[in-house]
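Derivation of every value follows stated rules applied to the coordinates shown; laboratory data play no part. Just so you know, these numbers come straight off a predicted model, no measurement behind them. Reconstructed Cβ throughout: ideal geometry from the backbone, glycine too, with neighbour counts over all protein chains shown.
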Amino acid sequence: MDYEEFRTRGKEMVDYVVDYLQSIEERPVYPSVEPGYLRHLIPESAPEQPHSFEEVMKDVERVVMPGITHWHSPHFHAYFPTGNSVPGMLGDMLSNAISCIGFSWAASPACTELETVMLDWLGKMLNLPHQFLAGTNGEGGGVLQSTASEATLVGLLAARRKKVLHIQADTPDLEERMIMTKLVAYMSDQSHSSVERAGLIGGITMRKLPSDSQLSLRGETLKQAIEEDKAAGLIPFFLCATLGTTASCAFDSILELGPICNSEKVWMHIDAAYAGSAFICPEFRPLLNGFKTSPNMMVKKRSDLIGAFKVDPLYLKHEHQDSGTFSDQCFYCLYFHWGIPLGRRFRSLKMWFVFRMFGIKGLQEHIRKQVNLAHEFEGLLLQDKRFEIASDVVLGLVCFRLKGSNDLNEMLIKRINAGRKIHMVPCNLQDKFVLRFAVCAATTESKHIHYAWQIIKELATELLDEGYQ
Ligand SMILES: Cc1ncc(COP(=O)(O)O)c(C=O)c1O
């Protein structure tokens, strides 16, 4: 396909995308295929001869679409929202066209410089303390990691390296592997599973601490665990706190945890994968109590992160990296020092399009709308005495259950999802089986909330009439 044909096909693809998104509501939100459905729909091997665009597009509807869970359907209420705004898609298109691998300044100056500035913009939108900004001479700064899981892992590995170097500065004879066996990290019983995995991948003992009745990790709990571990000869070095847990959007008490981490020289990582973006609205900032959101990873002292993973092969060096202009702010000269992959996409271009074309006001409006819709759903639930709210509704997530057994609630969500009209996932909160209703798609409106409520209510009636308790 030459560029002139691409011009035509590209426009057709935009038409397809617009038609898909405009009619998404008409598709069942959750697919009805069985595992393994796809393999027999396509050949065993790649074709020898090229296929036409029309042929491929025909198979998108035949092969791909039947197996899609439509995350941007207004009837999708599972997990958490994911972005697909029009400005974001436009930015991604351009980023795909440029397709640079921006690991260092020389590999694409605009790619690394825009990322640094976009992370500063974000930091300012969130009203983070200035220590988290790079500016032209700050010590902090941000980087786009691929996912929140990766941000946590990178934080853990950097903290591990920092602690090892710190201990070896005092006792140079102590071998790294000996120190590693004594390191201990902390998470709460509400942390995302990716935190536990970061411990497994990093070969670190990760201690799961109990949250309180509000599902929040408290300072006293951490303090006690650190004291116990130190008394047992262990070395506490890392805490992952969460602002907006996956199960119920609960908030750890970082105002209590922060000072303990500071005094114990424990690296505090905050996972705000979902709730972080809400902090661009001043009314939600009290929940932030401090700072950061991921996978946009912001650090107070970037040298702790960059210094942890430095390897400098000749083929990645460039003429500017040691120059006077860059030596103070060389963090974007060599972005690959910030994380695991070398190659990185030009993702800040997407942020630039989104920030500019929505403006802070537009982004705030979007978040407020999602939160208001969650409260609308909460209001409907509260009017029906058969249901109970399982945790405070703070942002766009409502956790609720039918008063009764876990089996009853398990049956309810099974029937909801079997109907494929709306889609939700459950969670466990303090041994109770709970249904999560998340406001996800940007196109979700009040009528969709009422539609979902109607379905849930009718299925609840059906179950109770059948004698489930
Ligand atoms: C609080 C929290 N942390 C981490 C993750 C993992 O996100 P990712 O897929 O970006 O690794 C999630 C996913 O929902 C999350 O809710």
Placing +1 on each Lys and Arg Cβ and -1 on each Asp and Glu Cβ in the chain, then taking the dipole about the Cα centre, the residue among 272, 443, 84 whose Cα reaches farthest towards the positive end is 272
For the stretch 141-245 the GluC sites (Glu not before Pro) that pass both the DSSP coil test and the at-most-15 other-Cβ-within-10 Å test are 175
Quick calc, the stretch 97-352, dipole around Cα centre from Cβ unit charges on Lys, Arg (+) and Asp, Glu (-), nearest 20 debye, gives 360
Dividing the helical contributions, -39500 (n - 2.57) per DSSP H run of n ≥ 4, by the residues of the chain yields a 222 nm value, nearest 500 deg cm²/dmol, of -14000 deg cm²/dmol
Once the in-chain neighbours fewer than 8 apart are removed, the aspartates and glutamates whose Cα is under 19 Å from residue 421 read 25, 26, 34, 410, 445, 458, 462
For residue 350, the aspartates and glutamates lying under 20 Å Cα to Cα, once residues fewer than eight places off in the same chain are dropped, come out as 92, 113, 115, 120, 150, 365
HN-Hα couplings for the stretch 266-271 via Karplus (6.51, -1.76, 1.60; θ = phi - 60°), in whole Hz with x for Gly/Pro, come out as 9, 5, 9, 9, 10, 9
The rounded separation in angstrom of the Cα centers of the stretch 187-216 and the stretch 73-107 is 29
The lysines whose Cα lies under 27 Å from the Cα of residue 265, excluding any fewer than 8 residues away in the same chain, are 124, 162, 163, 182, 208, 223, 230, 292, 300, 301, 310
Ranking 253, 193, 174 by how far each Cα lies towards the positive end of the charge dipole of the stretch 97-352 (+1 on Lys and Arg Cβ, -1 on Asp and Glu Cβ), the top one is 193
